[in-house]
1. If only one of A:Gly156, A:Gly198 is among the small types (Gly, Ala, Ser) and either under 29 Å from A:Thr115 (Cβ atoms) or not in a helix (DSSP H, G or I) (or both), which one is it?
2. Residues of segment B:150-163 being touching a residue at least 40 places away in the same chain (Cβ under 8 Å) and either more than 14 Å from chain A (Cβ to nearest Cβ) or touching a helix residue (DSSP H, G or I) at 6+ places or on another chain (Cβ under 7 Å) (or both), which ones?
3. Just to verify a result, which residue in segment B:307-341, among those that are within 11 Å of chain A (Cβ to nearest Cβ) and modelled with pLDDT under 80, is nearest to the chain's Cα centre (by Cα)?
4. Taking B:Ser36 and the conditions (1) over 23 Å from B:Lys217 (Cα atoms); (2) in contact (Cβ under 8 Å) with a residue 60 or more places away in the chain; (3) touching a helix residue (DSSP H, G or I) at 6+ places or on another chain (Cβ under 9 Å), which numbered condition does it fall short on, given that it satisfies the others?
5. Being buried (at least 21 other Cβ atoms within 10 Å of the Cβ), more than 7 Å from chain B (Cβ to nearest Cβ) and farther than 18 Å from A:Val187 by Cβ is the filter here; which residues of segment A:77-102 pass it?
6. For segment B:1-31, give me the residue count where each residue is within 20 Å of B:Met257 (Cβ to Cβ) and among the hydrophobic types (A, V, I, L, M, F, W, C).
7. Exactly one condition in (1) surrounded by 21 or more Cβ atoms within 10 Å (Cβ to Cβ); (2) in contact (Cβ under 8 Å) with a residue 60 or more places away in the chain; (3) under 26 Å from A:Lys227 (Cα atoms) is false for B:Gly145; which is it?
8. Looking at B:Leu107, B:Leu83, B:Leu134 in this structure, which one is at pLDDT 85 or above and either farther than 24 Å from B:Leu50 by Cα or surrounded by fewer than 18 Cβ atoms within 10 Å (Cβ to Cβ) (or both)?
Amino acid sequence: MQFLQNSLPYILAGISVGGQYALIAIGYTMVYGILRLINFAHGDVFMAAGMFMVFLSASLPLGVAIPLVLIITVALGFIIERVAYKPLRSAPRMSVMISAIGVSYLIQNCALYFTGGLAKVYPQLPWLSDTITIWGAVTKRVTLVTPVLTLVLVIGLSLFIKYTKVGMAMRAVSKDFETARLMGIKVNSVISATFIIGSLLAAIGSLLYFTNYASVTPTSGGMPGLKCFVAAVFGGIGSIPGAVIGAFIIGIAENIIKGLGWTTFSDAFTFALLIVILLVKPTGLFGEKATDKV
Amino acid sequence: MDLRKNKKRDGICTAVALIAMFALLLIMELTMKSTSILFTVLKKGVIYALVAVSMNLLNGFTGLFSLGQAGFMLIGAYTYAILSMPVAVKLSDSVYKYYDCAIGFELGIIPSMLLAGVIAAIFAMLIGLPVLRLKSDYLAIATLGFAEILRAFFQWDAMGPVTNGANVMRQYKDLTKVTIPFTDIRFPPTLFCFLVSGICIAIIVLLINSSYGRAFKAIRDDEIAAEAMGINLFKHKEMSFVISSFFAGISGAMLAMFQYTVQAAQFKSAMTYEILLIVVIGGIGSVTGSCIASFLFIACNEWWLRFLDESANNILGMNLLRSGFRKVVFSVVIMIIVLFFSKGIMGDKEFSWQRIFDFFHKLFHGKKQAVEEVSGNE
């Protein structure tokens, strides 16, 4: 009982971080499913959403700022795809990945320029930032909201992919790019839709994540970004439920490791997990079911 | 055309150019102030050139998309710092403040540098065993992950007696401590960097032109065909990985010498990205391209674009120029290169004297005559 009481804060934090990772990981897994591209810039889009929030909430009421952040982030994701990835559609995969790294470098440097390299304090969101107590563990309300919101969004997304025409097109494109084009699917708009959904979820994830961490720096997107990619690989790249489960596992394990006093290794653990999973089961937990691929 | 004659001529030209370059460097170092920004750029540029060429050996010549270069530089830098630090410093509190240093000996500069490369290579061998079985982008992310693990490992508290935890390493033998053998005369630091990098790059070039190099290129172009021709895929990939890491380790050691202080936190994935961008700008698969690009990259970053960061240079009352603007401009330029000039400066070609001579022939005699001249030489 005592043990539970001690470790509860870490497990709660883990579940919360896991939910936030899940929202980012979906962006990775969907893009990889369609373009076979590790979108290195996705973590920076997530960071940029945090920055937009910091700057917009300084002058606008939150009711206006939050929707505006979501819209701008979606626009950013869309523009990145159009400008940096679309011209390279027929180029070797390595060039697209290099382009993604270049975009990531650009976004980080822009953020560095606009912030002057200082950590920006993230605004307090009313209700979400309130502290609550669960069985003696003090935490913010966002910790409880995150997993619920994540599940709702994931279920919504799964239904979207299963039953709408755009979702069906996404599945078709991820299965076979060329054939989908022959069947009259507008591949470019499907890819854009993927980036839009991914960026939207990353923006929501950033609202939740930075409410917990309270400050944004130009490099704060890098590490979560890589971890979320690992989560996507762990769950089986291309699979949405896989990405979500992988993200929760990584979030919880990371916080337990922090709780044990091995904070230096919380990041290293994620990559060790990646290497183990790639060697033991390269398809990930849910990678085999081709029908799940998006 | 007489190939042997041309080869001899090219060899002489290269030797003359190299001697001229080193002589020029020596004269510059003896006459100019050592604090000049030119020397900083030259030193850092040549260090980055070595690591860029080593990355090119992997990415450009063997076709292994690895992003672990910063990790191996980290190993090299730390190994060098630990081994070359004088025993007196190790025993005092000035560096190992919170730990008792476990390494009770010190080595000279050259043995420390060599060991820095060797230890990086040993780590690479161990990492390569599992990782090199992965394909393209999984390999990239796994090597990136290993670099991060290495960084965490070097900052670990339990490693404190060796690596000084997350604290700064300093007071080891830096570039000012390099002397001419058997004397106490200071070796010109920039010349030293050029000499070490030059030797290393020359070894890499020899390797690329050897039968092993041809095997690497075969693997890059088509793995299945290479295997069918009897090339042991794993052995050659591992070899390329280990050699590349060895030289990354040496360049890490030189970076440590150049910087006077070294800290694990510096070797982030952003550093690997920078090296990768240098390779791309120079042209994937071109050694000379990587060298040119690294000097351009460092010169722009440290020197030529500095004015963009000065708010005093603003015109028309716009508050555009301030700290960090240089990097924004720079990354936009890089994006333009990546998107529209994906071949980089050199593509996959190398610098050749023949092309230079042809160029001058064209310049002085017009195009038609140049062709005649060349055919007349036959």
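The values are calculated or read from the model by the stated rules, or taken from the named source; none is laboratory data. None of these values were measured; they are calculated from a predicted model. Methodologically, a virtual Cβ is constructed for each residue, glycine included, from the backbone with ideal geometry; neighbour enumeration extends over all protein chains shown.
1. A:Gly198
2. B:Leu150, B:Arg151, B:Phe154, B:Gln155, B:Pro161, B:Val162, B:Thr163
3. B:Gly324
4. (2)
5. A:Ala100
6. 4
7. For B:Gly145, the failing item is (2).
8. B:Leu107
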